[in-house]
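The values are calculated or read from the model by the stated rules, or taken from the named source; none is laboratory data. Worth saying up front: this structure is predicted, and the values here are computed from it rather than measured. Please note: Cβ atoms are built from the backbone with ideal geometry, for glycine as well, and neighbour counts cover all protein chains shown. Quick note on the areas: whole protein, heavy atoms, side chains included, nothing else; ligands and nucleic acids left out. Shrake-Rupley method; radii C 1.70, N 1.55, O 1.52, S 1.80 Å.
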Amino acid sequence: MILLKEPLVIIANGDFPEHSTPLKKLKNAKCIIACDGGVNTLEKKGFSPDVIIGDLDSISKENKEKYKNIIIKIEDQSDNDLRKAINHCIQNKIDKLSIIGASGKREDHTIGNIFSLLNYSNLNIKLLTDTGTFKCISGSQKIKSFKGEKVSLFSTKDTIKITTKGLKYNFNKSYITSLFYGTLNESINDIINIELSHGKILIYQSYI
């Protein structure tokens, strides 16, 4: 069994990051899990995986042989390779992780990967793109921010009452009735207060 360590980064098989923030996460990781073919680009960029998880339909033959001792093959098609990697972390008592490479290439995969975070609201997961981060929030939370930060809120439930403080356009026990209703907002403070009546939502925060 391969011992997983924190800080842990999962790299999916989307676009490899160029922004310094996700790259720094990758460089500082003590454990890197590659989702199937994500290892192909990972290695080209000078990194090595500690674990490879997936159905192995996109990993190169060379890497499949090179890393055969750290491959965990999971053929179940009810979950994609990213969710398989997250579930493996849960099984190994890892509840804090970062995800990169989960956006780009195919928009349907990108959307699916981002909204998958709602299934793991009990974990501390950040999904980093080349422009910002997504994470799931519930209850009442104080979110670190900065003046001018681009912020969007997403909810799949139109029954959740949302109250915010610290945004240019605050919510006052308001509902997000469509996926775009909570987008294109902006922080006016170094802390954003968010209170939910129940359930969970996604928040996007830009780097600059």
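With both labels modelled 7 Å from their Cα along Cα-to-Cβ, the Ser178 to Lys24 distance reads 3.7 nm.
Look at [x] 19.3, 65; [y] 16.1, 47; [z] 17.7, 56: the one that is Rg and Dmax of the Cα atoms in Å derived from this structure is [z].
Here Lys200 is the anchor, and the aspartates and glutamates within straight C-alpha reach of less than 16 Å, apart from those fewer than 8 places off in the same chain, are Asp158.
Any of Lys126/Lys173; Lys25/Lys45; Lys25/Lys126; Lys44/Lys73; Lys73/Lys96 with alpha carbons more than 18 Å apart? Name them for me. Walk me through the numbers on the way to the answer.
Working: Lys126/Lys173 26 Å; Lys25/Lys45 14 Å; Lys25/Lys126 11 Å; Lys44/Lys73 22 Å; Lys73/Lys96 23 Å.
Beyond 18 Å: Lys126/Lys173; Lys44/Lys73; Lys73/Lys96.
With a simple spin-label model that places each label point 7 Å from the Cα along the Cα-to-Cβ direction, the separation between Ile70 and Lys165 comes to 4.7 nm. The antiparallel fraction among DSSP beta bridges confined to the chain stands at about 60%. Spin-label model, Arg106 to Asp15: label points 7 Å out along the Cα-to-beta-carbon direction sit 1.7 nm apart.
With all protein chains kept in place, the per residue accessible area of the chain amounts to 54 square angstrom at a probe of 1.4 angstrom.
So if I take the centroid of the Cα atoms in region 117-156 and the same for region 172-208, what is the distance between those two points in Å? A separation of 9 Å, based on Cα centres. Each Lys and Arg Cβ is given +1 and each Asp and Glu Cβ -1; about its Cα centre, the chain then shows a dipole of about 720 debye.
Counting every alpha-carbon pair across region 130-175, the share separated by more than 18 Å comes to 31%.
When the solvent-accessible area of the chain is split by element, carbon and sulfur atoms take up 49 percent of it, the probe being 1.4 Å. Only helical runs count toward this figure. For the chain, summing -39,500 (n - 2.57) over DSSP H runs of n ≥ 4 and dividing by all residues gives -5500 deg cm²/dmol at 222 nm. Counting charges near Asp81 (Lys, Arg +1; Asp, Glu -1) among other residues having Cβ under 12 Å from its Cβ returns a value of -3.
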